[in-house]
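Have a look at the structure below, then the notes.
The values are calculated or read from the model by the stated rules, or taken from the named source; none is laboratory data. Just so it is clear, the model here is predicted, and its values are computed rather than measured. No Cβ is skipped: glycine too gets one built from the backbone with ideal geometry, and neighbour counts run over all protein chains shown. What goes into the accessible areas is simple: the full protein's heavy atoms, side chains included, and nothing from ligands, DNA or RNA. Shrake-Rupley method; radii C 1.70, N 1.55, O 1.52, S 1.80 Å.
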There are 6 protein chains.
Amino acid sequence: MTKKIRIITPHTTPRPTKLDELAGLDNFIDVTFSQVGLDTGPASIESAFDDALSAVGVVSRAIEAQNEGIDAVIIDCMGDPGLDAAREAVSIPVLGPGETGMHMAAMLGHKFSVVTILDRVCPILENHAKIYGVQDKLASVRPIDIAVNDIAHNETLLIEKLTEQSLLALTQDKASVILLGCTGFLGISEKLSAALQDAGYPAPVLNPLRTAVMTAFGLISLGLTQSSIAWPPPSPKAIKGFTIPKLVS
Amino acid sequence: MTKKIRIITPHTTPRPTKLDELAGLDNFIDVTFSQVGLDTGPASIESAFDDALSAVGVVSRAIEAQNEGIDAVIIDCMGDPGLDAAREAVSIPVLGPGETGMHMAAMLGHKFSVVTILDRVCPILENHAKIYGVQDKLASVRPIDIAVNDIAHNETLLIEKLTEQSLLALTQDKASVILLGCTGFLGISEKLSAALQDAGYPAPVLNPLRTAVMTAFGLISLGLTQSSIAWPPPSPKAIKGFTIPKLVS
Amino acid sequence: MTKKIRIITPHTTPRPTKLDELAGLDNFIDVTFSQVGLDTGPASIESAFDDALSAVGVVSRAIEAQNEGIDAVIIDCMGDPGLDAAREAVSIPVLGPGETGMHMAAMLGHKFSVVTILDRVCPILENHAKIYGVQDKLASVRPIDIAVNDIAHNETLLIEKLTEQSLLALTQDKASVILLGCTGFLGISEKLSAALQDAGYPAPVLNPLRTAVMTAFGLISLGLTQSSIAWPPPSPKAIKGFTIPKLVS
Amino acid sequence: MTKKIRIITPHTTPRPTKLDELAGLDNFIDVTFSQVGLDTGPASIESAFDDALSAVGVVSRAIEAQNEGIDAVIIDCMGDPGLDAAREAVSIPVLGPGETGMHMAAMLGHKFSVVTILDRVCPILENHAKIYGVQDKLASVRPIDIAVNDIAHNETLLIEKLTEQSLLALTQDKASVILLGCTGFLGISEKLSAALQDAGYPAPVLNPLRTAVMTAFGLISLGLTQSSIAWPPPSPKAIKGFTIPKLVS
Amino acid sequence: MTKKIRIITPHTTPRPTKLDELAGLDNFIDVTFSQVGLDTGPASIESAFDDALSAVGVVSRAIEAQNEGIDAVIIDCMGDPGLDAAREAVSIPVLGPGETGMHMAAMLGHKFSVVTILDRVCPILENHAKIYGVQDKLASVRPIDIAVNDIAHNETLLIEKLTEQSLLALTQDKASVILLGCTGFLGISEKLSAALQDAGYPAPVLNPLRTAVMTAFGLISLGLTQSSIAWPPPSPKAIKGFTIPKLVS
Amino acid sequence: MTKKIRIITPHTTPRPTKLDELAGLDNFIDVTFSQVGLDTGPASIESAFDDALSAVGVVSRAIEAQNEGIDAVIIDCMGDPGLDAAREAVSIPVLGPGETGMHMAAMLGHKFSVVTILDRVCPILENHAKIYGVQDKLASVRPIDIAVNDIAHNETLLIEKLTEQSLLALTQDKASVILLGCTGFLGISEKLSAALQDAGYPAPVLNPLRTAVMTAFGLISLGLTQSSIAWPPPSPKAIKGFTIPKLVS
């Protein structure tokens, strides 16, 4: 009874495979991972504008996943684009690493901070924390706020900057847990964890994608999914300009 | 110096003209109203799914409006679909009647309630109140929860049901102001207001579209618009599958 | 159908005319402005003590205004002295620039800050934000905290200090909108706005008196006023020591 | 070292003596009570309008009290009119039974409710709970909402109505403590307490005036008073129309 | 690499085996479950008094578990007695089904309700929701409030009562998810889920112990545990009257 | 009618007598103080672990006190260990100086800060503020964070460090009142108060034990105690490993 979890990467670029990021989890659970991108949408997600462009594609991919017998889908972005819409559209669990990561981080400390790249996404994540109901546990959202190009091929600098902001979160904002604020921080969580430990602040560092996968597997095992009272199926109606797959089952 | 305000109705059906709903406001302000619908999107808005389908169209229409020299745009739906994305995309004021109506209602009483049609949109509006920062002033969101078809050609029943829920809001939920919870309740606000007065509860009743128009005109007159620090322009990037107009100015 | 808006300046000094501060608004709306001061009360408003001394005078002026056919009154002080009492006393809209400015600022960004003169009024404004229901959107109240005499004839210094605190609000407190925290900052809002733009932080700057005027005009146009359920007329009773005008209409 | 506590009854009617209400407390503490009314102000306090009219008189009486060597003053009204202003004006402790009662009630249960006479004062007390910082502990404010004349000479009816609302608070609103919501409920607290006990709900019932007295005595004994950082003395300035006594010491 | 999860049942009675309650989870994960009770403490947990009596035993059992190479421990009670103390005492993950269940329930709907047995534990669970940071998502805590003896051998009545309160939570309190409020409700969650579905309200029903197990397994797989910054090891010091095991590793 | 107040010091070390700390209060009230320690428990209280170890002893001492005719008990620790359990166990008032101090501090300023020794207790006190319902008034909890040994015989250093953190609280965190965060700070409150006054920040400084004593005396005088609805007596049941005294009356 191998379970199937699908990663929906909500953009259109030749995306890095996120399956590498999940390496080792299959030592614990009997699961097959797959990843899809979008045919329509933005090249990357950095704004509410990008969120809006990706949401329709995410919904379509979620419906396809359920039609193909996938057991749970994960939206591969901390902004959780299309989360509510996809939860209405399908009955299998739909998880956003933003929501899942925040709740798991909340349980592991008195307060947690999110460290991310861009200043502009901070209010988006803060607003999400309000909706998810964990704002009292959110110490801060801290951006490293340097150009993506400067860190693209410079993992050392990235870790240095993340460590710097994480330490500020731990020492100034009263955080005791760090949640990585971008699912595109690949292969970083253990290194950041080690850096914080070396600095004398051994805070848990949550990798949002891996955390979402284990939470999804938990829900599958428990036979649970999002409430259809909270996210009832959308009423059938005419749609122009988009071809949304039909839910078969 | 006539000002131009555009109503973006975020769906694709042969929509009722909302310009009638604005009748009389031009006695007060020197403004030209126009209304556009969407080429792509759902036939109506009743869910997060519908919101997702309409957001891209709303953004496009907002960009077109700014290119045409419009002074402010209003998204014609209490769910404010595409509001954040459109505010990033343009520099003219973009208003959602949900946000504007809630803030204005908050100023007119100790607490306000929203009366709307469908039970399923209540948590969406409650979540918006959290983001807009007025949840402490929101007494309740109350649906009349009857089939749209039953009220489509039965204004008497609609007003009866809205009156019933409004009176419950005023007597049980501690509301002292009523905000109509759907911009499709046409020609209703004064009748509901009169019904409440007759019942001994003379609460202000806010028509969300008219309220948004006057707020938009206020912003235009004050030379104000949404903060570009809060909603910075999206980074230029490749987009697949959508043709978003370019902002000219 | 020219509308009449009255500014009630809640102190007794030979006050600066605030009508100059409203210059240009009559290009947008067909309105006559008038301003009155108080016969009884303090020479200026800087404390809860001053508020208490001015409230009775504000109420009297509000009743007179309604008796004279004025369409809306605005209390010319960010502390909104007498606001609740005046709203009970009359049925025309009574606006406080504190309340109105905070709600409008809340709509224009993720968070807003108030920049004001004296440290001692900060908790008063913070408390008002709680009552008005916008405390989650209030990033900070920041005083420039220099002696009034030092800035009285030194607009350059005033703007320099306001710019300094505004930039701290924008960079450290996560504000994206600035609300001027004193209706006595005359002719300042545009200059502060320009200074912030020059510094690379183009936040909207709200002039509280002008914002209140446009909001008042909006309410008039919409036929709305504060809820008489929230602020019911005071029961008639004997009053000693004050001569409060009788409401005629 | 007998201490002196003064009750400032913030209206002008030939008031009932509240000293009877304090009977027996002098068995516990070595204190002399005195009571004063106002020369100027309303005949009774039932609204924000009445609050505004009484505040100046309260401040004057507080200054006189300090000049006379009184150790603490208590404003004899649950609406705490003039509390902030009087705290600025004097350095001896100024207590409002609304604030004191709410904090003491908060300590005696998980949540408390206030039972009062008039529906119209409920939002005023709810707003005060926000400012005092105890709103999370406030289960409800419940009015008995019958005409004052009906209960004036009918203590039996008054207790019956208070019992009814208190039981609703205890069974429906999750309150476990009752705070009487009017300092004019004379000689009632023990009878209400007995009635609740008889009904099987032995909740503590707080008499706000007696509670304020014991809290005031506690502060005197501890050498504490309100913070002059929070309520700094008002700047000296010209005042027209009121004769406020000068603080001597 | 079989993982070991231990259930610490925090009382001293010949307890029902909870391992039956976990039946089937080992189809999903490679784990060995064990259960221990307490040598010292109360016969059951129904109050803060019982919590206090059980906490020391819980801590001791947690230390023993880590010494025995257990990978995670779960405190078998919705009141999470000893949770903070045990987290300080050991470095393996310590989970309380109250905390875990509330966070997972929060993710599956807009709001959730807890249905439990006794009225007296409701404020305890409400207080925990505040500490865990999910109070905004907690619709209500509803007791069935009948004597334990009446349901002990009457599962039909228990399910009937739980269904009744769950339906009230779903229809009156705006919950869309139900969390069972007692880990002693054995074999009930699926039956309650079916009953709700039959009643037309197909809300997810969370079994708190099973949910805690899957969350614990997720943490183990992710290499995560509670933050030692939030719960630092207790300083070594003399203890009288208790024999607390020493942590070996 | 001398009243009897008992201080329960919740640890086992040859504790310093706290009766000296209460010196002078008997000039104001007719009361006999007594102090007891614990037979079982930790040598001092610095963690949730220590809290858990002391709670049972606190409960036993509270029951003994009531049996001996004591009028009120005070738990001699800012962490209020065993507070809820003891309130269930007895009917005389049980006070925690953490809870009492926070509520009294809340009444004396707009916000208050707690200054304490160890960083690790800050989240514990912050959590308590949430439960007590005063978190909106809590400006900060600030540790001096130096080794206890360094200050044990160095009162000058202790006061210097407390002054430093108090001034930061007053100038940076918007506190206007200081609450000492440890009942083991003996003979310090007046010196800290003087130091703050010298520094130009004359904030009230609350000694938590003295404040609790006066509040307890107030409750005794008013005939009040904690609600038995909120803290109902624990059901009688078998207890293993602890000998809890029986409540006689």
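Considering only D:ALA43, D:ALA203, D:ALA55, the mean-square fluctuation computed in a Gaussian network model of chain D, springs between alpha carbons under 10 angstrom, is largest for D:ALA43. Look at the stretch A:122-129: the mean tally of other chain Cβ atoms within 10 Å of its residues' Cβ atoms is 3.
With the Cα gyration tensor of chain E in hand, convert its eigenvalues to equivalent ellipsoid semi-axes via √(5λ) and list them largest first in whole Å.
30, 19, 18
For C:THR13 and D:ALA152, what does the FRET efficiency come to when R0 = 51 Å and r is the distance between their Cβ atoms, rounded to the nearest 0.05?
It comes to 0.65.
Derived scalar couplings between HN and Hα for segment C:108-122 equal 9, x, 6, 9, 10, 10, 9, 10, 9, 8, 9, 3, 5, 8, 4 Hz in order, rounded to whole Hz, by the Karplus curve 6.51 cos²θ - 1.76 cosθ + 1.60 (θ = phi - 60°), x for Gly and Pro.
Summary of the geometry: segment F:106-182 and segment F:225-249, compared by the centres of their Cα atoms, lie 34 Å apart. Taking only the Cα atoms of segment E:98-207, the ratio Rg/Rh comes out at 0.93, with Rh defined as the Kirkwood radius.
For the residues F:ILE239, C:ILE188, a 1.4 Å probe over the protein chains yields an accessible-area ranking, largest first, of F:ILE239, C:ILE188.
Note on F:ASP20/D:SER34: beta-carbon distance plugged into 1/(1 + (r/R0)^6) with R0 of 35 Å gives a FRET efficiency of 0.50. The alpha carbons of segment D:36-93 give a radius of gyration and a Dmax of 10.7, 32 Å, in that order. Of all the options A:VAL36, A:VAL94, A:VAL213, the one that moves most in a Gaussian network model of chain A with Cα springs shorter than 10 angstrom is A:VAL36. Sorted from greatest to least, the principal axis extents spanned by the alpha carbons of the protein assembly as shown come out as 86, 85, 59 Å.
Shielding value for E:56-64 is 2, the average number of Cβ atoms from other chains within 10 Å of each residue's Cβ. With angles folded into 0 to 90 degrees, how steeply does helix E:208-222 sit against the dominant principal axis of chain E? Use alpha carbons for both and round to 10. Long axis of E:208-222 versus the principal axis of chain E: about 50 degrees. Close amide H pairs (under 5 Å, H built 1.01 Å from N) link B:ARG142 with B:VAL114, B:VAL115, B:THR116, residues at least 5 positions away or on another chain.
The accessible area of A:ILE220, taken with all protein chains in place and a 1.4 Å probe, comes to roughly 20 Å².
Rounded to the nearest 10 square angstrom, D:ILE151 shows an accessible area of 10 square angstrom against a 1.4 Å probe. Measuring r between the beta carbons of B:THR171 and F:ALA199 and using R0 = 56 Å, the FRET efficiency lands at 0.55.
Mean partner shielding of peptide C:3-14, defined as the number of other chain Cβ atoms within 10 Å of each residue Cβ, is 1. In chain F, helices alone account for a calculated mean residue ellipticity at 222 nm of -12000 deg cm²/dmol, with every DSSP H run of four or more residues adding -39,500 (n - 2.57). Phi angles across segment B:165-174 convert, under the Karplus curve 6.51 cos²θ - 1.76 cosθ + 1.60 with θ = phi - 60°, into 3J(HN,Hα) values of 5, 5, 5, 5, 4, 6, 9, 10, 9, 6 Hz, Gly and Pro given as x. The GluC sites (Glu not before Pro) of segment E:54-146 that meet both conditions, a loop assignment by DSSP and at most 14 other Cβ atoms within 10 Å of the site Cβ, are E:GLU68. When the pairs C:LYS191/D:LYS246; A:LYS137/A:LYS191; E:LYS3/F:LYS237; C:LYS111/D:LYS137; C:LYS111/F:LYS161; C:LYS137/D:LYS174 are compared against a 32 Å limit on Cα-Cα distance, C:LYS191/D:LYS246; E:LYS3/F:LYS237; C:LYS111/F:LYS161 fall above it. Computed on segment B:98-208, with alpha-carbon pairs under 8 angstrom and 6+ residues apart, the relative contact order is 33 percent. Residues B:HIS110, B:HIS153, D:HIS103, ordered by accessible area of protein heavy atoms at a 1.4 angstrom probe radius and largest first, appear as B:HIS153, B:HIS110, D:HIS103. Identify the residues of segment F:187-227 with backbone N under 16 Å of a label point that sits 7 angstrom from the Cα of F:GLU160 along the Cα-to-Cβ direction, or state none. Counting backbone N atoms under 16 Å from the label point, the list is F:192, F:195-196. Here the relative contact order of chain D, from alpha carbon pairs under 8 Å that lie six or more residues apart, stands at 21 percent.
When the Gaussian network model of chain A links Cα atoms closer than 10 Å, the mean-square fluctuations of A:GLY57, A:GLY24, A:GLY37 top out at A:GLY24. Of interest is the spacing of the C-alpha centroids, which for segment F:1-41 and segment C:4-66 amounts to 59 Å. The accessible area of C:ASP119, taken with all protein chains in place and a 1.4 Å probe, comes to roughly 80 Å².
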